[in-house]
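Read the structure below first, then the notes.
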Amino acid sequence: TDGRGIFRVYSPEMGSKMRRYHYLLEEMRLALATQNFSLSFQPIVHVEDCSIDYFESLVRWNHPAEGMITPGEFIPIAEESNLILELGDWILFEACRQMAAWYNAGMRKVRISVNISAVQLKHRRMHQWVMQTIDKAGLPPSALLLEITESCFIDAPQKVIEEFEKLREDGVQIAIDDFGTGFSSLSTLAELPIDVIKVDKLFIDQANVNPKYDKILNSISELGQHLNLKIVAEGVEQAQQFELVKKLGIQCVQGYLISRPETSRNVGSKVLNSNFS
Ligand code: C2E
Ligand code: CA
Ligand code: CA
Ligand code: CA
């Protein structure tokens, strides 16, 4: 409670939140049935030469009456209701299908990443689910990367960790997302079956403002080198941030400075004609 007593539970504001929840849940079910979701793709590039390392798939919902509804609003509802399972099945297949098409059109060095939520880790047998999906989509496992948040990793039971280990043996890569917000210890980090660390935007935003964050970024960068992990700086918006990240030895960046998330159509025409960014 908020300390003001139980009346708060029945406040009109709560009622409207509940209505919005149920409304969006119903609308999401409809959107799944009518193919109203789509994916956007945002490049993660090498600091060195700005060549693309991979694309992150980001789900988009263009509601017929309300326009774009952000994943920040609907993903939590999808998670709470378990609709994320169905939606997530669609997202993984669609991302793999799209990447397979690009792969076959000649985009061979670029990979695709998909965000996986805690609910999916709990209810899907990761290895079987992912391998069957990429097989159906005709995508080689080495072209896929899964993004799992740091907080998910912290809570993950051993059997989920083993699923990731099996996936890595088959060539699928694993990234730890929003790193720095979940407080995992450095010793656990060394044990985790991961290939990539995505440093949360919060650290990038602070880095030019507060010198302490410079030092934190620097130690994450060194840690990456020692553990042989690729580091990605998320949410790079300014040239100054790009320069700092480069100076600190971080290999990859993602952010509006390089590119916003784009439709598959735009990605296809830009990358296949190789004049991206
Ligand atoms: P995330 O996984 O951390 O994704 C990165 C978010 O940061 C994306 O927001 C992206 O558009 C945004 N971003 C990238 N560069 C910049 C930048 O330079 N500045 C700023 N301000 N933002 C930047 P988006 O697409 O709104 O997604 C928000 C969150 O929703 C994601 O955070 C992720 O947690 C969730 N999400 C999005 N798509 C999916 C999905 O397909 N599946 C699942 N499970 N979650 C998703
Ligand atoms: Ca992500
Ligand atoms: Ca992230
Ligand atoms: Ca984030």
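The values are calculated or read from the model by the stated rules, or taken from the named source; none is laboratory data. On a predicted model such as this, the values are computed, not experimentally measured, just so you know. Glycine also receives a Cβ, built like all others from the backbone with ideal geometry; neighbour counts cover every protein chain displayed. These accessible areas exclude ligands, DNA and RNA; they are computed on the full protein's heavy atoms, side chains included. Shrake-Rupley method; radii C 1.70, N 1.55, O 1.52, S 1.80 Å.
Where residues in region 152-208 are open to solvent by 30 Å² or more (accessible area, probe 1.4 Å), in a helix (DSSP H, G or I) and within 16 Å of ligand 3 (Cβ to nearest atom), which of them is farthest from Ser117 (Cα to Cα)?
Gln206
From the list Pro76, Pro43, Pro71, pick out the single residue that is surrounded by fewer than 17 Cβ atoms within 10 Å (Cβ to Cβ) and closer than 27 Å to Val245 by Cβ.
Working: Pro76 fails: closer than 27 Å to Val245 by Cβ; Pro43 fails: surrounded by fewer than 17 Cβ atoms within 10 Å (Cβ to Cβ).
Only one candidate passes the filter, namely Pro71.
Tell me whether region 202-212 contains one or more residues that are within 28 Å of Arg60 (Cβ to Cβ) and more than 15 Å from ligand 1 (Cβ to nearest atom). Full working, then the answer.
Going residue by residue through region 202-212, those that are within 28 Å of Arg60 (Cβ to Cβ) are 202-205.
Narrowing further to those that are more than 15 Å from ligand 1 (Cβ to nearest atom): none.
No.
Yes or no: Lys109 within 28 Å of Glu262 (Cβ to Cβ) and away from ligand 2 (no atom under 14 Å from the Cβ)? I'd like the intermediate steps shown before the answer.
Details: within 28 Å of Glu262 (Cβ to Cβ): yes; away from ligand 2 (no atom under 14 Å from the Cβ): yes.
Yes, satisfied.
Here are Gly235, Gly224: which of them is without any contact (Cβ under 8 Å) to a residue 40 or more places away in the chain, within 27 Å of Val110 (Cβ to Cβ), surrounded by 13 or more Cβ atoms within 10 Å (Cβ to Cβ) and more than 12 Å from ligand 1 (Cβ to nearest atom)? Spell out how you get there, then give the answer.
Numbers: Gly235 fails: more than 12 Å from ligand 1 (Cβ to nearest atom).
Sole residue among the options that is without any contact (Cβ under 8 Å) to a residue 40 or more places away in the chain, within 27 Å of Val110 (Cβ to Cβ), surrounded by 13 or more Cβ atoms within 10 Å (Cβ to Cβ) and more than 12 Å from ligand 1 (Cβ to nearest atom): Gly224.
Quickly run through region 109-151 and pick out the residues that are open to solvent by 10 Å² or more (accessible area, probe 1.4 Å), within 14 Å of ligand 1 (Cβ to nearest atom), under 21 Å from Ile231 (Cα atoms) and in a helix (DSSP H, G or I).
Once the filter is applied, which keeps residues that are open to solvent by 10 Å² or more (accessible area, probe 1.4 Å), within 14 Å of ligand 1 (Cβ to nearest atom), under 21 Å from Ile231 (Cα atoms) and in a helix (DSSP H, G or I), region 109-151 yields only Ser151.
Scan region 59-104 residue by residue and report those that are in a loop (DSSP other than H, G, I, E, B) and in contact with a Leu (Cβ under 6 Å, 6 or more places away or on another chain). Give the steps one after another, and end with the answer.
Applying the first criterion (in a loop (DSSP other than H, G, I, E, B)) to region 59-104 yields 64-66, 70, 81-82.
Correct list: Ser81 only.
Return the residues of region 259-276 that are in contact with a helix residue (DSSP H, G or I) (Cβ under 8 Å, 6 or more places away or on another chain) and not hydroxyl-bearing (Ser, Thr, Tyr); say none if nothing qualifies.
Start the filter on region 259-276 by keeping residues that are in contact with a helix residue (DSSP H, G or I) (Cβ under 8 Å, 6 or more places away or on another chain), which leaves 262, 264, 267-268, 271-272, 276.
Listed by number, the residues that qualify are Glu262, Val267, Gly268, Val271, Leu272, Phe276.
Would you please list the contacts, defined by Cβ atoms under 8 Å and residues six or more apart or on different chains, that run from a residue in region 67-95 that is within 16 Å of ligand 4 (Cβ to nearest atom) and modelled with pLDDT of 95 or more to a residue that is of a type in the set (A, V, I, L, M, F, W, C) and assigned to a helix (DSSP H, G or I)?
Every condition considered, the pairs that remain are Glu73/Leu24; Phe74/Leu24; Phe74/Met28; Ile75/Ile84; Glu79/Ala118; Glu79/Val119.
Go over the candidates Lys201, Lys159, Lys230 one by one and state the one that is under 18 Å from the mean Cα position of the chain (by Cα), more than 21 Å from Arg111 (Cβ to Cβ) and of a type in the set (Lys, Arg).
Working: Lys159 fails: under 18 Å from the mean Cα position of the chain (by Cα); Lys230 fails: more than 21 Å from Arg111 (Cβ to Cβ).
It is Lys201.
Each row is one residue, and each column tells you yes or no for (1) of a type outside the set (S, T, N, Q); (2) under 30 Å from Lys109 (Cβ atoms).
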residue: Ser151; (1), (2): no, no
residue: Glu165; (1), (2): yes, yes
residue: Val172; (1), (2): yes, yes
residue: Phe179; (1), (2): yes, yes
residue: Gly182; (1), (2): yes, no
residue: Leu189; (1), (2): yes, yes
residue: Ile197; (1), (2): yes, yes
residue: Tyr213; (1), (2): yes, no
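Any idea how many residues of region 250-277 are in a loop (DSSP other than H, G, I, E, B), modelled with pLDDT under 95 and open to solvent by less than 70 Å² (accessible area, probe 1.4 Å)?
If we filter region 250-277 for residues that are in a loop (DSSP other than H, G, I, E, B), which is where we start, we get 250-251, 254-261, 263, 273-277.
Still in the running and modelled with pLDDT under 95: 273-277.
Next, only the ones that are open to solvent by less than 70 Å² (accessible area, probe 1.4 Å) stay: 276.
Within region 250-277, residues that are in a loop (DSSP other than H, G, I, E, B), modelled with pLDDT under 95 and open to solvent by less than 70 Å² (accessible area, probe 1.4 Å) number 1.
Please give the number of the condition His123 fails out of (1) touching a residue at least 24 places away in the same chain (Cβ under 8 Å); (2) at positive phi.
Going through the list (1) touching a residue at least 24 places away in the same chain (Cβ under 8 Å); (2) at positive phi, His123 breaks only (2).
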